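**Q** Attaching a single structure in structure tokens format; questions to follow.
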Amino acid sequence: MPYFAERLTRWSLLTAAVLLVSCGGSQDASQGRGGERPKARALSAGGNGESASMTFTPTDPIPASAHITGMFSGVVNWPLIPLHTVLLPDGRLLSYGSSPTGMQTGSHYDLWDPAGGLEAGHTTLDNSGGTDLFCSSQVVLPDGSSVFIAGGDTSVLPDNNPNNNSNLISLTYPNAITRTADMNRARWYSSSITLLNGETYIQGGSGGQDMPEVRTTTGSFRALTGVNTSALDGAFPRNFVAPDGRVFGYDSNGKMYLIDPANAGSITMLSSTLNSANSGSDASAAMFQPGRILQFGGNSNGAVVIDIRGTNPTVTATNSMSKQRRLGTATLLADGKVLATGGSATWNEADNVSYDAEIWNPTTGTWTLGASYQKMRLYHSMAILLPDATVLVGGGGAPGPQTNLNAELFFPPYLFTASGTLAARPTITSAPTVLDVGKTFTVNTTSAAAVTRLALVKTGSVTHSFNLEQRFIDLTFVNNGGVLSVQAPARAADAPPGFYMLFVLDSAGVPSVAKILRINVASDPTPAITPALTNPGDQDTEAAAAVSLQLAGSDPNGDALTYAATGLPVGLSLNPAAGLLSGSPTAPGNYNVVVTVSDGVNS
């Protein structure tokens, strides 16, 4: 017999590279149509064990169709018309855009704390900054210190002329508003978004159609003199951070472009365009997956998907809505579907008004007719996703057929069971408050059903039928008995810096209450994420001899590592934390051993 078969244990170590990837109608019969609508009803702030003071539950009977259509609350008062509305990092909501009587002006702003209930919890403050903020653009700065507001009207007495003011609303008490450095251009109806380096990109607006500019992280403004946007319509251009880090956008006429905001900037006009049926300043849009945008409403009831992941955007028709929505609003839901609310057939007129929500499914491309709401949500209306996965729908007016100093709360279908009850919700018991692109992190959950999906939704900042920042990102994770090892987005352009709601969803598609976290400015926009393991080569060991072999693993972004092995000779074991193979082999023979190193998600 050969010597090794009697005395020698020969084991061949192979390192394995494995990427673990997670698996990823009818109207509400309880609400009237065609006649007098029901009076306002109260809501309760109920608890599910995670954030009781910020979780709303309906107090009305739940319709049998709620698991398909969702349901709305009654109408509740709001201190002003919330035509500019921003979800803050602490879960409060900032809104402004009218006086307490509904006159168009930015002379007041309101801070709503959901802990006080839907109709209470408001702190309405006078604007002491000296700028009329009406028809400005706003975004939470990625450090969480303030809301930045670009431009607005020239006077607290509305005259619809632009100013070049910039203001900050502090997010620490007493939430003061402060006039800061002037922009290079006056802007009324501009758009503002956060860039990958934490700066703010501002484009368009009456008075600033010729050239965009950038607000630096120090608060100064840099004119992009290399970018001529004079040929583009300046009314709230639809801008998004593209997969390559540039700014992709299109104007209300459907012209598409890519802008590099570095230094003096540069612009590339694209051959792809939106046709007239799918464009319009009163259409709405949402980036429902990285690099994929749903555009609907405006000039028709049609909808298209704009895919910007390639060298030139592609525009593909998806199913149409039940009716035309001019001035409707797109809102991303916690499960990645898109909610459409508001709108009518004629701009800001009571002509074939849409009183029904509709929900678009990105998997099937189909729309489902949802529950009914009570008020016209036309010009200067809004809709925004809240951390408890409900959607606040409000405003409209100044001017309008109705002066809507009010709001209604939408409970999406995922909150209900087919038997007409509230669904049991998974709970996030712990999660980080800050993330870095490319890193892994841990989320602890409790759930009656298995957690099968984890997602980030950018906190909303909505005005004039468009949410300036919303985007949805599915996350890769491994579920170990409710402890989720999660991969943060591996590309900064998929998750620009700022604040996101983290939702876990169970196997029935029911979302948790979100945890709000911050994604930092990335030092590397596309960091490597997969750990490396040096192959120690084949090993020959005398049977019963002591073995001590240290495996050498490394991770490109510093994640903690664990080790595993299969096929080890009997008598050897691996310390999963230290990566040390040790013991004494007891059985002679040849062994094919596979060792892996993992950061919890990537191996």
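The values are calculated or read from the model by the stated rules, or taken from the named source; none is laboratory data. In this text the structure is predicted, and so the values were computed from the model without any measurement. For neighbour counting, all protein chains shown are included, and Cβ atoms are generated from backbone atoms with ideal geometry for every residue, glycine included. When the accessible area is computed, the model is the full protein with side chains, heavy atoms only, and any ligands, DNA or RNA have been set aside. Shrake-Rupley method; radii C 1.70, N 1.55, O 1.52, S 1.80 Å.
**Q** Looking only at the range 75-96, which residues are surrounded by fewer than 24 Cβ atoms within 10 Å (Cβ to Cβ), of a type outside the set (A, V, I, L, M, F, W, C) and either touching a strand residue (DSSP E or B) at 6+ places or on another chain (Cβ under 7 Å) or not in a loop (DSSP other than H, G, I, E, B) (or both)?
**A** Across the range 75-96, the qualifying residues are 77, 79, 89, 91, 92.
**Q** Looking at the range 221-256, which of the residues that are of a type in the set (Ser, Thr, Tyr) and under 19 Å from residue 468 (Cβ atoms) is surrounded by the most Cβ atoms within 10 Å (Cβ to Cβ)?
**A** 250
**Q** Next question, about the same structure. Among residues belonging to the range 108-140 that are surrounded by fewer than 22 Cβ atoms within 10 Å (Cβ to Cβ) and among the polar types (S, T, N, Q), point out the one that is farthest from residue 402 (Cα to Cα).
**A** Among them, the one singled out is 128.
**Q** Could you check the range 399-441 and list, in sequence order, the residues that are among the basic types (Lys, Arg) and under 30 Å from residue 119 (Cβ atoms)?
**A** 425
**Q** Let me ask something else. Specify the residue that is least open to solvent (accessible area, probe 1.4 Å); the eligible residues are those in the range 359-398 that are within 27 Å of residue 99 (Cβ to Cβ) and of a type in the set (D, E, K, R).
**A** Taking the candidates together, the pick is 377.
**Q** Could you please find all residues in the range 314-358 being outside any loop (DSSP other than H, G, I, E, B) and either open to solvent by less than 10 Å² (accessible area, probe 1.4 Å) or modelled with pLDDT under 95 (or both)?
**A** 329, 330, 331, 332, 338, 339, 340, 341, 344, 357, 358 - these are the residues of the range 314-358 that are outside any loop (DSSP other than H, G, I, E, B) and either open to solvent by less than 10 Å² (accessible area, probe 1.4 Å) or modelled with pLDDT under 95 (or both).
**Q** While we're here: Somewhere in the range 106-116, is a residue part of a loop (DSSP other than H, G, I, E, B), more than 25 Å from the chain's Cα centre (by Cα), of a type in the set (Asp, Glu) and farther than 23 Å from residue 240 by Cα?
**A** No: zero hits.
**Q** Hey, can you tell me all the residues within the range 471-485 that are outside any loop (DSSP other than H, G, I, E, B) and surrounded by fewer than 20 Cβ atoms within 10 Å (Cβ to Cβ)?
**A** Hits for the range 471-485 are 474, 478, 479, 480, 483.
**Q** I would also like to ask the following. Scan the range 516-561 residue by residue and report those that are hydrophobic (A, V, I, L, M, F, W, C), over 21 Å from residue 585 (Cα atoms) and in contact with a strand residue (DSSP E or B) (Cβ under 9 Å, 6 or more places away or on another chain).
**A** Answer for the range 516-561, where residues must be hydrophobic (A, V, I, L, M, F, W, C), over 21 Å from residue 585 (Cα atoms) and in contact with a strand residue (DSSP E or B) (Cβ under 9 Å, 6 or more places away or on another chain): 516, 517, 519, 529, 532, 533, 552, 560, 561.
**Q** A further question on this structure: From the list 462, 437, which one is of a type in the set (A, V, I, L, M, F, W, C), assigned to a strand (DSSP E or B) and either modelled with pLDDT of 95 or more or at negative phi (or both)?
**A** Unique residue meeting the criteria: 462.
**Q** Please enumerate the residues belonging to the range 494-506 that are under 13 Å from the mean Cα position of the chain (by Cα) and either open to solvent by 10 Å² or more (accessible area, probe 1.4 Å) or on the phi < 0 side of the Ramachandran plot (or both).
**A** 494, 495, 496, 497, 499, 500, 501, 502, 503
**Q** Do you know which residues across the range 277-296 are modelled with pLDDT of 95 or more and either open to solvent by 50 Å² or more (accessible area, probe 1.4 Å) or in a strand (DSSP E or B) (or both)?
**A** Result: 283, 284, 285, 286, 287, 288, 289, 292, 293, 294, 295, 296.
**Q** Has the range 486-506 got any residue that is of a type in the set (Val, Ile, Thr), more than 26 Å from residue 295 (Cβ to Cβ) and assigned to a strand (DSSP E or B)?
**A** Looking through the range 486-506, at least one residue is of a type in the set (Val, Ile, Thr), more than 26 Å from residue 295 (Cβ to Cβ) and assigned to a strand (DSSP E or B).
**Q** A further question follows. Going through 143, 159, 182 one at a time, which residue ends up being within 29 Å of residue 491 (Cβ to Cβ) and either open to solvent by 50 Å² or more (accessible area, probe 1.4 Å) or of a type in the set (Phe, Trp, Tyr) (or both)?
**A** Result: 143 is the single residue among 143, 159, 182 that is within 29 Å of residue 491 (Cβ to Cβ) and either open to solvent by 50 Å² or more (accessible area, probe 1.4 Å) or of a type in the set (Phe, Trp, Tyr) (or both).
**Q** Of everything in the range 54-74, what is among the polar types (S, T, N, Q) and either at pLDDT below 95 or in a strand (DSSP E or B) (or both)? Give them in sequence order.
**A** 55, 57, 59
**Q** Same structure, new question: What number of residues within the range 366-406 are among the basic types (Lys, Arg) and more than 23 Å from the chain's Cα centre (by Cα)?
**A** Counting residues in the range 366-406 that are among the basic types (Lys, Arg) and more than 23 Å from the chain's Cα centre (by Cα) gives 1.
**Q** Going residue by residue through the range 557-577, is there one that turns out to be within 30 Å of residue 143 (Cβ to Cβ), out of contact with any Phe, Trp or Tyr (no Cβ under 7 Å at 6 or more places or on another chain) and either surrounded by fewer than 18 Cβ atoms within 10 Å (Cβ to Cβ) or among the small types (Gly, Ala, Ser) (or both)?
**A** The answer is yes; a qualifying residue exists.
**Q** Moving on. So, residue 307, is that one farther than 22 Å from residue 226 by Cβ, modelled with pLDDT of 95 or more and either open to solvent by 10 Å² or more (accessible area, probe 1.4 Å) or among the β-branched types (Val, Ile, Thr) (or both) or not?
**A** Criteria met by residue 307.
**Q** Looking only at the range 527-545, how many residues end up being under 15 Å from residue 570 (Cα atoms) and either open to solvent by 60 Å² or more (accessible area, probe 1.4 Å) or not in a loop (DSSP other than H, G, I, E, B) (or both)?
**A** So the answer is 5.
**Q** Let me ask you something else. Would you mind stating whether residue 269 is of a type in the set (A, V, I, L, M, F, W, C), modelled with pLDDT of 95 or more, touching a strand residue (DSSP E or B) at 6+ places or on another chain (Cβ under 9 Å) and closer than 30 Å to residue 406 by Cα?
**A** no
**Q** From the residues in the range 162-176 that are aliphatic (A, V, I, L, M) and closer than 20 Å to residue 217 by Cβ, which one is least open to solvent (accessible area, probe 1.4 Å)?
**A** 169
**Q** Let me ask another. List every residue pair whose Cβ atoms sit under 6 Å apart, with the two residues 6 or more apart in sequence or on different chains, where the first one lies in the range 370-387 and is of a type in the set (Val, Ile, Thr) and the second, anywhere, is modelled with pLDDT under 95 and in a strand (DSSP E or B).
**A** Within 6 Å, no pair qualifies.
**Q** Another one. Exactly one condition in (1) farther than 30 Å from residue 601 by Cα; (2) open to solvent by 10 Å² or more (accessible area, probe 1.4 Å); (3) in contact with a Gly (Cβ under 7 Å, 6 or more places away or on another chain) is not met by residue 444; state its number.
**A** (1)
**Q** State which residue is farthest from residue 137 (Cα to Cα) when the search covers only the range 447-459 and only residues that are in a strand (DSSP E or B) and open to solvent by 20 Å² or more (accessible area, probe 1.4 Å).
**A** 452
**Q** Looking at this structure, is residue 548 open to solvent by 40 Å² or more (accessible area, probe 1.4 Å), modelled with pLDDT of 90 or more and either out of contact with any Ser or Thr (no Cβ under 8 Å at 6 or more places or on another chain) or over 15 Å from residue 436 (Cα atoms) (or both)?
**A** Criteria met by residue 548.
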